[in-house]
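Please treat every number below as a calculation from the coordinates, not as lab data. Note that the structure is a prediction, hence the values are computed from the model and not measured. Methodologically, a virtual Cβ is constructed for each residue, glycine included, from the backbone with ideal geometry; neighbour enumeration extends over all protein chains shown.
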Amino acid sequence: MSLVTIIWSMFAAVCLTLAAVHLPVWWINREARASLAFSVTTISTAAFAICELWMLQARTPGEYATALKWAQIPITITVVGCVGFVHFYLDAGRPWLAFGAIALRAAALPLNFVTGQNLNYREISALRRIPFIGEPVSVAVGVPNPWMAVGQAGMLLLIGFVVDASVTAWRRGDHRAALSVGGSIAFFLITGVSWGMAVFWGLVEVPVTVSLFYLGVIAVMGYAMSLDLLRAKQLVLELRERDQQASLAADAASLGMWARDAVLGTLWASDKWRTLFGFTRDEPVSMDQLLKRIHPDDRTLFQERMAQATADRGEYHFEYRLLLPDGRTRWIASQGKVEFDARRRPVRTRGASVDITERKSVEQEMLRLQQEIAHVGRVSVMGQLATTLAHEINQPLGAILRNAEAAALFMQGPDPDLAEVSAILEDIRQDDQRAGAIIDRMRTMLRRGEIEMIPLEVGPILRDAATLLRPDAAARRVRLVLDIPDGMPPVLGDRVQLQQVLLNLILNALDALEDVGGEYRTVSIATRRETDQVVEISVADTGHGIAPDQIDRIFEPFFSTKSRGLGMGLSISRTVIEAHGGRLWAENNGDGGATLRMTLPVAASAEQGERFVG
């Protein structure tokens, strides 16, 4: 066997071996498009090497012309593969250059079969045998085909595309790939195309050995792919190490890790996660089984949050309860992220879960203590109002007694006036309703129970508080002024707790006017819409104001400016308002006195099915 045959056969075998290695990579991972392009390039280059060996060993002009004609097909495929590799590997290159190179080479194929003996020669008249690496090989003697300029123009556009992609990669900072891959491929293409043009246009009399330059292109591509494989292996080792570290950290933090493949529908979970959710180590877990572990009252929340994370292409973070097989309830906090493919379709969901049952128990205990403190505060407020409320109740009770005595006198007469008796009974009914309303307000304030966050109209809450305190204000000779604009949106809150806060603020304003003389002793209660999401309520007085060094301390527990104050009213009030998602602060007025302001979040609209409570 001749040396030429051995070299070109080995060249083709190497190309096919590389294709056999990298084509399965793309078959397993369709995102590895560079591997597909590399495989296409190596297969077509192997085919061109076989055609080139056929030309070198041709014995007749016709045989040479046939080999060169069929060589145009793998050349065109090589152009396509080279364009694809550079595009996918460097992630750069102008599309019009790529499409232009492929289009011109594709256009050259029909010309190869309809003009002359092939694309390169209109006619091959003879063959010359010249020595090459120790043996004679064939060189064509004939008339060049001018249509081969079309194919060569496509090759020049290919070179331009590779150079442009290399420059783009260099500018964005990827110097290694731009120089070692893009630059090297461009060099071998330039030399190979130049060599081929010189041979086919008759500038030099040498055998066709363009495949040797293509070997350089294949070597550069293979080198780049090998580096990627080595880098991938190193990355696997690093990821394995980080995975072990993450597992140790997760175990130390009592985190349970899980992942769900949206395509296959499979769910993986760590041992800690299985323990948290009540699954054994070897028990198969599916999404349906997971949903069965979630408390029935929280399943809808879980599904809605996961669906929202998928729709928003983002992260999720929420808390829910588990109902374990042994009947215990466990609180879980979960957070994670949904991953998407190139078409923005969800492919995987990853998450971490942690047991927060103890934290929830502490929060519930703190809430219970807060409610106890708030209840004590309400009792204290009602104690302050006991005298004026007793006087307020005595008025309708006294009127009821007097009307009853008058009705009795009317009934003792020989001919009682039933119309007058009926009017008296109506007065008794109205006085009874007035007394009952006062008692109902007191019972509501003294009620102990769970916080009930519902949409509330602001106006009725302010009016009820003013109604309770108006007798006390009248006794102190203070005028209560209400300013409630029309169209105020409802706020989200607990009626009893908000009324307690208002009573505290109004009582403090009344106390601030104790040593203020004159006719402008006024407490103003107003509300306004601060933003689309916030409503502000203010209680202002015309007193002396708050000392500048005390304005930030009045909300501290046990700090009071009153001689007999406990210093808990404003502290409790701020705690309640902050629990409602609002703020409470104080400021001095420019014309005297002080104003305490609080904000509350606007409740959901009635269109969402909320029930507004007035």
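Efficiency by 1/(1 + (r/R0)^6): what FRET value for R129 and A219, r their Cβ-Cβ distance, R0 = 25 Å, to the nearest 0.05?
Plugging the Cβ-Cβ distance into 1/(1 + (r/R0)^6) gives 0.25.
Computed FRET efficiency, Cβ-Cβ of I6 and T60, R0 30 Å: what is it to the nearest 0.05?
Efficiency at R0 = 30 Å is approximately 0.80.
What residues have an amide H closer than 5 Å to that of R94, excluding those fewer than 5 places away on the same chain, when H is modeled at 1.01 Å from N in the peptide plane?
A165
For V347, what residues show an amide H to amide H distance below 5 Å, using hydrogens built from the backbone and excluding near sequence neighbours?
Amide H neighbours of V347, under 5 Å, 5+ apart: E339, F340, D341.
What lysines could a cross-link reach from K233, if we take a straight Cα to Cα line under 27 Å and drop same-chain neighbours fewer than 8 places away?
Leaving aside lysines fewer than 8 places away in the same chain, those within reach of K233 are K337.
Report the full-extension gain for the segment Q364 to E530: residue separation times 0.36 nm, less the Cα-Cα distance, to one decimal in nm.
56.6 nm
Under the rule of at least 5 residues apart or a separate chain, name every residue whose amide H is placed under 5 Å from the amide H of W331.
L322, I356, T357
Quick one: Kirkwood hydrodynamic radius for the stretch 74-194, alpha-carbon pairs, angstrom, one decimal?
Evaluated on the stretch 74-194, it is 15.8 Å.
Stretched out fully, how many nm does the piece from R583 to A311 gain, at 0.36 nm a residue minus the Cα gap?
Contour length minus the Cα-Cα distance gives 94.6 nm.
Report the dimensions of the stretch 3-232 along its three principal axes from the alpha-carbon atoms, largest first, rounded to Å.
So the three principal-axis extents are 52, 35, 28 Å.
Apply the Karplus parameterisation 6.51 cos²θ - 1.76 cosθ + 1.60, with θ equal to phi minus 60°, to every residue of the stretch 534-545 and state each ³J(HN,Hα) to the nearest whole Hz, in sequence, with x for glycine and proline.
9, 10, 10, 10, 10, 10, 10, 10, 10, x, 8, x
From the phi of every residue in the stretch 17-33, what ³J(HN,Hα) in whole Hz does the Karplus formula 6.51 cos²θ - 1.76 cosθ + 1.60 yield, where θ is phi - 60° and glycine or proline is x?
After applying 6.51 cos²θ - 1.76 cosθ + 1.60, I find 5, 4, 5, 5, 7, 8, 5, x, 4, 5, 5, 7, 10, 5, 7, 7, 6 Hz.
What's the FRET efficiency of D511 with D341 using the Cβ-Cβ distance as r and R₀ = 56 Å, to the nearest 0.05?
0.25
At 7 Å along the Cα-to-beta-carbon direction for both E304 and L235, put a label point, then send me their distance in nm to one decimal.
3.9 nm
Can you run phi through the Karplus equation (6.51, -1.76, 1.60; θ = phi - 60°) for the stretch 458-468 and list ³J(HN,Hα) in whole Hz, with x for Gly and Pro?
6, x, x, 5, 5, 5, 4, 5, 5, 5, 5
Along Cα→Cβ, 7 Å out, is where each label goes; now give me the distance between the ones at A408 and R33 in nm to one decimal.
Here the modelled spin labels are 10.1 nm apart.
Taking Rh as the Kirkwood radius computed over C-alpha pairs, what is the Stokes-Einstein D of the stretch 253-355 at 25 °C in a medium of viscosity 0.890 mPa s, expressed in µm² per second?
Here the translational diffusion coefficient equals 176 µm²/s.
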